[in-house]
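Undergrad: I have a structure I would like to understand better, so I am pasting it below and will then ask my questions one at a time.
The values are calculated or read from the model by the stated rules, or taken from the named source; none is laboratory data. In this text the structure is predicted, and so the values were computed from the model without any measurement. All Cβ positions, even for glycine, are placed from backbone atoms using ideal geometry, and neighbour counts span all protein chains on display.
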Amino acid sequence: MSFISYLINGISLGSVYAIIALGYTMVYGIAKMLNFAHGDVIMIGAYVVMTAIASAGLSPLAAVLLAIVFCTVLGVLIESVAYRPLLNASSSLAVLITAIGVSYLLQNVALLIFGANTKSFSSVVPVPALVLAGGKLTIAGETIATIISCVIIMVVLTLFIKKSKAGQAMLAVSEDKGAAQLMGINVNGTIALTFAIGSALAAVAGVLLCSAYPSLTPYTGAMPGIKAFVAAVFGGIGSIPGALIGGILLGVIEIFGKAYISSQMADAIVFGVLIIVLIVKPTGILGKNIQEKV
Amino acid sequence: MMKMRKALSAMLVAAMTMSLMAGCGSGSSDTGSSSGTSSAKEESSDEAVFKIGGIGPVTGGAAVYGEAVKNGSELAVKEINEAGGINGVQIEMDYQDDEHDAEKAVNAYNSLKDWGMHALLGTVTSAPCVAVGEVSKDDNIFMLTPSGTAVECVQYDNAFRVCFSDPMQGLESAKYIGEKGLAKKVAAIYDSSDVYSTGIYEAFVKEAENQDFEVVAAEAFTAEAKTDFSVQLQKAKDAGAELVFLPFYYTEASLVLKQAAGMDYAPIFFGCDGMDGILAVEGFDVDLANNLMFMSPFTPTSEDEAIQKFVKDYEEAYGSTPNQFAADAYDGIYAIKAAMEEKDITPDMSPSDICDAMKEAMVNITIDGVTAKGLTWEASGEPSKEPMVVKIEDGDYAVVE
């Protein structure tokens, strides 16, 4: 019974990683850059929800919608102010360093506005806990909500990219920016849209993360952000199903490592597995192995 | 292929950079901490005053402690100054923020030293305290930590403490659980990346062998993975633990309580002094803390006259009930006063001479404070006093006999 409980917890943790990893993977796939500020957008989203409920008295649903809108705007703003001028810079490191800078900026702004004290985030998930097998197995409402949200997001996102014009434009830009532009696709607009979607997902991830683990500080997004980046690399960066597989595998390995090997070594095990995967398959589990002519 | 390799190496470099930064990021925040918080600075130094420095986290994850120590020590300083000071000399206090970060604590210590500090009340948390101990030993400046519990906090002879050490807390907790027969099967969860938590845990497990209970699960977590406790709790639950020992700080403990409630697991939770402050976490559902027990040397609900006066004055001044950190700091200032009076110390003596005199004085004084009656010190720096256990009932503290 505890095996099932570990598995469910692993999938739940992994689902949060997967939703965050989507943001990394989409942006990388299309803009070929690593948006390290992504984890901090999560934290901002959680603070928006908390402030909206506590100070403005909004209902949880309205607060979550507000956070999604806020993060979307924030994501587009960050892209246009900090990244767009650098996307064509000669060194790809420039935009990477900028991303790290934006990450610190967001942390420090949050620190300035909300202070460094830990705040307890009251769960906005109305789903009741599920008690199975005569009380032997209890699944928290947040866990159920996280897993369901993850599945819905994956399905909607996949449909969006396959069926909609904007999604097709994204695919085209990720294949070949120059050719896409020649075919009349608004490349900058497509990149901005990618950031908008990624940031909206970050808001959702922030709400789910803080509902399950109700402690909020300006650094809340940093560690999950890094783990999700690992998940994205793990699954094959640039690939949407890869983010899902990478995220869930990472969560399950982390929890199982803790449960069956050593609770101290959880992170070492996770990163150890990552190294092995990258040695065997350098592009990640679902990464495309495109040979480029040099 | 070349391009891909480039991208991959850039990614790995980035990952490494980020993990390096995350390492320091968790504790640092780059806000103007050096400005610190100062108090009673307005009486500037025309006439000689005793300069007492204070260091503790006023912001950051352990801010509840630093804030309490700041308030408690300010209250004591104010009372002493109104009553005529130490041997007729007023006290000036400068309290600096260290954000529970060892490096910032040493910086704060250096700026206090430049200010001309005669004695230090601090630091509040263990890891910074050990770091400051290393430098204050070389300067031979007297330090009295109100709440630094790690053994190493007082490893040099210039350092003393008001609270119990980590091993003492672990030992006393195990004794208490065993002697009161609280449980037969006990699980322990601890932070293996933190000296405070590990110190208590090790002493607890050692003493548990002598007690009539069994440690059925011992699970660790680290600073990088301190949000998900489902595995640790599940293991405790599977092992049939009736009591879970949580020797770590309230921030993580609030998550443990929430996750235990989420999985319908309700053992007795037992913590140490780091648990104090859990009721003050913004937005925390206090119902989760019902029946939570922890070892604390101070209870604001005690009927003792001195404690009642302290609680009343504190509430009037700061609008909140003092916790044990405030009480430790309050007693700490009175201990410094008693030791200074014992040796007739004057402000024109050098900090090093003061330190030498204070070392001798500390083992001779006895304080009737708010954390203990007849509180005395040994030359090792350890206090000698009785432990006490507090239980939270309906969102308030209650003493357990």
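Undergrad: Read through the list (1) within 8 Å of chain B (Cβ to nearest Cβ); (2) hydrophobic (A, V, I, L, M, F, W, C); (3) surrounded by fewer than 24 Cβ atoms within 10 Å (Cβ to Cβ); (4) over 29 Å from B:LEU233 (Cα atoms), then give the number of the only condition that A:VAL233 fails.
TA: Only one criterion in (1) within 8 Å of chain B (Cβ to nearest Cβ); (2) hydrophobic (A, V, I, L, M, F, W, C); (3) surrounded by fewer than 24 Cβ atoms within 10 Å (Cβ to Cβ); (4) over 29 Å from B:LEU233 (Cα atoms) is unmet by A:VAL233, namely (3).
Undergrad: Could you tell me whether region A:200-214 includes any residue that is more than 8 Å from chain B (Cβ to nearest Cβ), out of contact with any Ser or Thr (no Cβ under 6 Å at 6 or more places or on another chain), over 30 Å from B:THR59 (Cβ atoms) and without any contact (Cβ under 8 Å) to a residue 60 or more places away in the chain?
TA: Among the residues of region A:200-214, not one is more than 8 Å from chain B (Cβ to nearest Cβ), out of contact with any Ser or Thr (no Cβ under 6 Å at 6 or more places or on another chain), over 30 Å from B:THR59 (Cβ atoms) and without any contact (Cβ under 8 Å) to a residue 60 or more places away in the chain, which makes the answer no.
Undergrad: Is it the case that some residue within region B:73-85 is outside any helix (DSSP H, G or I), of a type in the set (A, V, I, L, M, F, W, C) and either in contact (Cβ under 8 Å) with a residue 12 or more places away in the chain or touching a Cys at 6+ places or on another chain (Cβ under 7 Å) (or both)?
TA: No, every residue in region B:73-85 fails to be outside any helix (DSSP H, G or I), of a type in the set (A, V, I, L, M, F, W, C) and either in contact (Cβ under 8 Å) with a residue 12 or more places away in the chain or touching a Cys at 6+ places or on another chain (Cβ under 7 Å) (or both).
Undergrad: May I pose another question? Which one of these does B:VAL370 not meet: (1) under 21 Å from the mean Cα position of the chain (by Cα); (2) free of Cβ contacts under 8 Å to residues at least 60 places away in the same chain?
TA: Exception for B:VAL370: condition (2).
Undergrad: For the list (1) in contact with a Phe, Trp or Tyr (Cβ under 8 Å, 6 or more places away or on another chain); (2) more than 14 Å from every other protein chain (Cβ to nearest Cβ), I need the number of the one condition that A:LEU61 fails.
TA: That leaves (1) as the condition not met.
Undergrad: Return yes or no: is B:THR376 surrounded by 13 or more Cβ atoms within 10 Å (Cβ to Cβ), part of a strand (DSSP E or B) and β-branched (Val, Ile, Thr)?
TA: yes
Undergrad: Further question: Any idea which residue in region B:292-308 is farthest from the other protein chains (Cβ to nearest Cβ), counting only those that are more than 22 Å from the chain's Cα centre (by Cα) and part of a helix (DSSP H, G or I)?
TA: Checked region B:292-308; the qualifying residue farthest from the other protein chains (Cβ to nearest Cβ) is B:GLU305.
Undergrad: Does A:VAL273 fit the bill of being out of contact with any Pro (no Cβ under 7 Å at 6 or more places or on another chain), more than 11 Å from chain B (Cβ to nearest Cβ) and without any contact (Cβ under 8 Å) to a residue 40 or more places away in the chain?
TA: When the stated conditions are applied, A:VAL273 passes them.
Undergrad: Answer yes or no: is there a residue in region B:123-138 that is surrounded by fewer than 24 Cβ atoms within 10 Å (Cβ to Cβ), modelled with pLDDT of 90 or more, over 30 Å from B:PRO347 (Cα atoms) and small (Gly, Ala, Ser).
TA: no
Undergrad: Given A:SER239, A:SER262, which one is within 13 Å of A:TYR24 (Cα to Cα) and of a type outside the set (Phe, Trp, Tyr)?
TA: A:SER239
Undergrad: For the structure I just gave you, tell me whether A:GLY45 is small (Gly, Ala, Ser), in contact with a Cys (Cβ under 6 Å, 6 or more places away or on another chain) and away from chain B (no Cβ under 14 Å).
TA: The answer is yes for A:GLY45.
Undergrad: Going by the structure shown, is A:ALA56 under 22 Å from B:GLU282 (Cβ atoms), surrounded by fewer than 17 Cβ atoms within 10 Å (Cβ to Cβ), at pLDDT 90 or above and out of contact with any Pro (no Cβ under 9 Å at 6 or more places or on another chain)?
TA: Against the criterion (under 22 Å from B:GLU282 (Cβ atoms), surrounded by fewer than 17 Cβ atoms within 10 Å (Cβ to Cβ), at pLDDT 90 or above and out of contact with any Pro (no Cβ under 9 Å at 6 or more places or on another chain)), A:ALA56 does not qualify.
Undergrad: Can you tell me which residue among B:ALA260, B:ALA253 is surrounded by 24 or more Cβ atoms within 10 Å (Cβ to Cβ) and free of Cβ contacts under 8 Å to residues at least 40 places away in the same chain?
TA: B:ALA253
Undergrad: Need the failing condition index for A:ALA243 against (1) under 30 Å from B:LYS237 (Cα atoms); (2) surrounded by 22 or more Cβ atoms within 10 Å (Cβ to Cβ), just the number.
TA: (1)
Undergrad: Hey, does region B:72-84 have a residue that's over 30 Å from B:GLU316 (Cα atoms) and either touching a helix residue (DSSP H, G or I) at 6+ places or on another chain (Cβ under 9 Å) or hydroxyl-bearing (Ser, Thr, Tyr) (or both)?
TA: No; the residues of region B:72-84 include none that is over 30 Å from B:GLU316 (Cα atoms) and either touching a helix residue (DSSP H, G or I) at 6+ places or on another chain (Cβ under 9 Å) or hydroxyl-bearing (Ser, Thr, Tyr) (or both).
Undergrad: A further question follows. Checking B:ILE392 against (1) of a type in the set (Val, Ile, Thr); (2) at pLDDT below 90; (3) assigned to a loop (DSSP other than H, G, I, E, B), only one condition comes out false. Which one?
TA: Against the list (1) of a type in the set (Val, Ile, Thr); (2) at pLDDT below 90; (3) assigned to a loop (DSSP other than H, G, I, E, B), B:ILE392 comes up short only on (3).
Undergrad: Only one residue in B:ALA327, B:ALA357, B:ALA338, B:ALA361 is under 17 Å from the mean Cα position of the chain (by Cα), modelled with pLDDT of 90 or more and in the same structural domain as B:LYS78 (by TED's automatic domain parsing). Which one?
TA: Among B:ALA327, B:ALA357, B:ALA338, B:ALA361, only B:ALA327 is under 17 Å from the mean Cα position of the chain (by Cα), modelled with pLDDT of 90 or more and in the same structural domain as B:LYS78 (by TED's automatic domain parsing).
Undergrad: When region A:176-188 is examined, which residues are found to be surrounded by 12 or more Cβ atoms within 10 Å (Cβ to Cβ) and without any contact (Cβ under 8 Å) to a residue 60 or more places away in the chain?
TA: A:LYS177, A:ALA180, A:GLN181, A:ILE185, A:ASN186, A:VAL187
Undergrad: Still on this structure: Among the residues of region B:275-291, count how many are within 19 Å of A:THR217 (Cα to Cα) and not in a loop (DSSP other than H, G, I, E, B).
TA: 5
Undergrad: I'm trying to understand the selection: among the residues of region A:104-138, which are part of a loop (DSSP other than H, G, I, E, B), of a type outside the set (Phe, Trp, Tyr) and facing chain B (nearest Cβ under 7 Å)?
TA: Passing the criteria: A:GLY115, A:ALA116, A:ASN117, A:THR118, A:SER122, A:ALA129.
Undergrad: If I ask for residues that are at the interface with another protein chain (Cβ under 7 Å from one of its Cβ atoms) and in contact with a Phe, Trp or Tyr (Cβ under 8 Å, 6 or more places away or on another chain), which ones from region B:220-229 would you list?
TA: Hits for region B:220-229 are B:ALA220, B:PHE221, B:THR227, B:ASP228.
Undergrad: Here's a check for you: in region B:323-360, which residue that is at negative phi and assigned to a loop (DSSP other than H, G, I, E, B) is surrounded by the fewest Cβ atoms within 10 Å (Cβ to Cβ)?
TA: That would be B:ASP348.
Undergrad: Please go through region B:287-311 and pick out each residue that is more than 18 Å from B:THR149 (Cα to Cα) and surrounded by 17 or more Cβ atoms within 10 Å (Cβ to Cβ).
TA: B:LEU288, B:ALA289, B:LEU292, B:MET293, B:THR299, B:PRO300, B:ILE307, B:PHE310, B:VAL311
Undergrad: Name, by its number, the condition in (1) modelled with pLDDT under 90; (2) more than 9 Å from chain A (Cβ to nearest Cβ); (3) within 29 Å of A:SER120 (Cα to Cα); (4) crowded, with 17+ Cβ neighbours inside 10 Å that does not hold for B:SER73.
TA: Unmet condition: (1).
Undergrad: Pick from B:VAL244, B:VAL205: which is surrounded by fewer than 18 Cβ atoms within 10 Å (Cβ to Cβ), out of contact with any Ser or Thr (no Cβ under 7 Å at 6 or more places or on another chain) and modelled with pLDDT of 90 or more?
TA: B:VAL205
Undergrad: Is it the case that some residue within region B:93-100 is of a type in the set (Phe, Trp, Tyr), touching a Pro at 6+ places or on another chain (Cβ under 8 Å) and closer than 30 Å to B:ILE307 by Cβ?
TA: Checked against the condition, which is being of a type in the set (Phe, Trp, Tyr), touching a Pro at 6+ places or on another chain (Cβ under 8 Å) and closer than 30 Å to B:ILE307 by Cβ, region B:93-100 yields no hits at all.
Undergrad: Based on what the data block shows, is B:VAL162 within 14 Å of the chain's Cα centre (by Cα) and either of a type in the set (D, E, K, R) or surrounded by fewer than 24 Cβ atoms within 10 Å (Cβ to Cβ) (or both)?
TA: So B:VAL162 fails the test.
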